[in-house]
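The values are calculated or read from the model by the stated rules, or taken from the named source; none is laboratory data. Only a predicted model underlies this, so the values are computations on that prediction, with no experimental measurement involved. Positions of Cβ are generated from backbone atoms using ideal geometry, with glycine treated the same way; all protein chains shown enter the neighbour counts. These accessible areas exclude ligands, DNA and RNA; they are computed on the full protein's heavy atoms, side chains included. Shrake-Rupley method; radii C 1.70, N 1.55, O 1.52, S 1.80 Å.
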Amino acid sequence: MQAFLHLLPLLASFAFSSVTPSRPLEPRQDSECGQFTTISSGSFTVGADEWGASSGTGSQCAEINGVNDGSLAWDTTWTWSDGPSNVKSFTNVVSSSTYCEALSSIGSIPTSWSWSYSGSAIRANVVYDTFLGSSCSGAQDYEVMVWLGTFGGVDPLSNNGYPPTPTASPTIGDYTFNLVIGTEGSSTVYSFVGVSNITGFSGNLIDFYDYLETNQGLPSDYYVQSIAAGTEVFTGSDAELSTSSYTISMS
Ligand SMILES: *[C@@H]1O[C@H](CO)[C@@H](O)[C@H](O)[C@H]1NC(C)=O
């Protein structure tokens, strides 16, 4: 409700600026701090999603720096302490250019992400987080994550202990990943963890689903319900994940 109310002044100011054609529109510079706030520009929405804030102490902000030719620049700054094994937040971006669709009818999900992380004693990842179900509104039976960055030795959910023993180490596109499998309630979590930090990623998310269909029995009639890209934060201080360019589409 709070997030919805917040949109109203944004929409109002956008509509107002569109009736002043004599002045060129400046790139949007929106920032927001708060547990479940969102900011939007173009097809992109950046959400704070501090779902685990009560397991620690800290604060976080997010900022959209601009959208250029379908590419988003954004950042998030944060400091969190306590609960070193608990995720405090997943500040992330979603795009309306991806939508719920059956795996069998998706041809391609090209995406690129250029990012950097700075800060002290950072325990966090940089990750695509996607959910799949038997229909668009069905239960999230599968979660597929692609970790581009791993800081401070944080691990994905694992069914075989910590540190996890990877089930496989596939090369997908231009990069090698460790595949770790975990179970959370009735859903299976597949985490592809980059063996090194991939700060200039360019790839196709359909390749990860294809791999799971071939090697792990992911049902091809399942639907990709959502795709988010952001950072799961455990602890650290004066941290900043800066994204200079993020693109994604689905066809
Ligand atoms: C990512 O970079 C950090 C900082 O240099 C480093 O500590 C960490 O081990 C790297 N992660 C991987 C997976 O190489």
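Going 7 Å from the Cα of S202 toward and past its Cβ, which residues in the range 93-128 have a backbone nitrogen under 14 Å from where you end up?
It comes to 110-115, nothing else.
Order 108-120, 42-54 from most to least packed using the mean count of other Cβ atoms within 10 Å.
42-54, 108-120
Taking the highest mean first, how do the peptides 224-233, 94-103 order by number of other beta carbon atoms within 10 angstrom per residue?
Values: 224-233: 23.0, 94-103: 16.6.
Descending packing order for the listed peptides: 224-233, 94-103.
Helix 205-216 versus the longest principal axis of the chain: what angle, 0 to 90°, nearest 10, using Cα atoms?
For 205-216 against the chain, the angle is about 20 degrees.
For the Cα atoms of the chain, what angle does the longest principal axis make with the long axis of helix 2-17, in degrees from 0 to 90, nearest 10?
Helix 2-17 sits at roughly 50 degrees to that axis.
Using the Karplus curve 6.51 cos²θ - 1.76 cosθ + 1.60 with θ = phi - 60°, work out ³J(HN,Hα) for each residue of the range 125-142 in order, rounded to whole Hz, and write x for Gly and Pro.
10, 10, 8, 8, 10, 10, 10, 10, x, 6, 8, 5, 9, x, 4, 7, 5, 10
Need the full-extension length gain, S104 to S186, defined as separation in residues times 0.36 nm minus the C-alpha distance. One decimal, nm.
On the way: separation 82, 0.36 × 82 = 29.52 nm, distance 2.32 nm.
Additional length available on full extension: 27.2 nm.
I'd like to know which of Q216, T98, G194 lies farthest towards the positive end of the charge dipole of the chain, counting +1 on Cβ of Lys and Arg and -1 on Cβ of Asp and Glu.
Working it through, the farthest residue towards the positive pole turns out to be T98.
Whole number in Å², please: accessible area per residue of the chain, 1.4 Å probe, ligands, DNA and RNA not counted.
I get 46 Å² per residue for the chain.
What does the charge count near S187 come to, summing +1 for each Lys or Arg and -1 for each Asp or Glu among other residues with Cβ under 14 Å from its Cβ?
Residues near S187 contribute -4 overall.
Carbon and sulfur together cover what percent of the accessible area of the chain at a 1.4 Å probe radius?
Its accessible area is 52 percent carbon and sulfur atoms.
Would you kindly state how much longer the chain becomes between F36 and E240 on full extension, computed as 0.36 nm times their sequence separation minus their alpha carbon distance, in nm to one decimal?
That works out to 71.6 nm of additional length.
If I build a Gaussian network model for the chain, linking alpha-carbon pairs within less than 10 angstrom, which residue out of N215, N65, N92 has the largest mean-square fluctuation?
N215
Might you report the magnitude of the Cβ-based charge dipole of the chain about its Cα centre, with Lys and Arg at +1 and Asp and Glu at -1, to the nearest 20 debye?
It comes to approximately 280 debye.
Which translational diffusion coefficient, to the nearest whole µm²/s, is obtained for the range 25-159 from the Stokes-Einstein equation, given a Kirkwood hydrodynamic radius over C-alpha pairs, 37 °C and 0.692 mPa s? Spell out each step's value before the answer.
Values: Rh = 16.7 Å.
Roughly 197 µm²/s, to the nearest whole number.
If each residue of separation counts as 0.36 nm, what is the full-extension length gain between T57 and S97 once their alpha-carbon separation is subtracted?
Using 0.36 nm per residue and subtracting the Cα-Cα distance, I get 10.9 nm.
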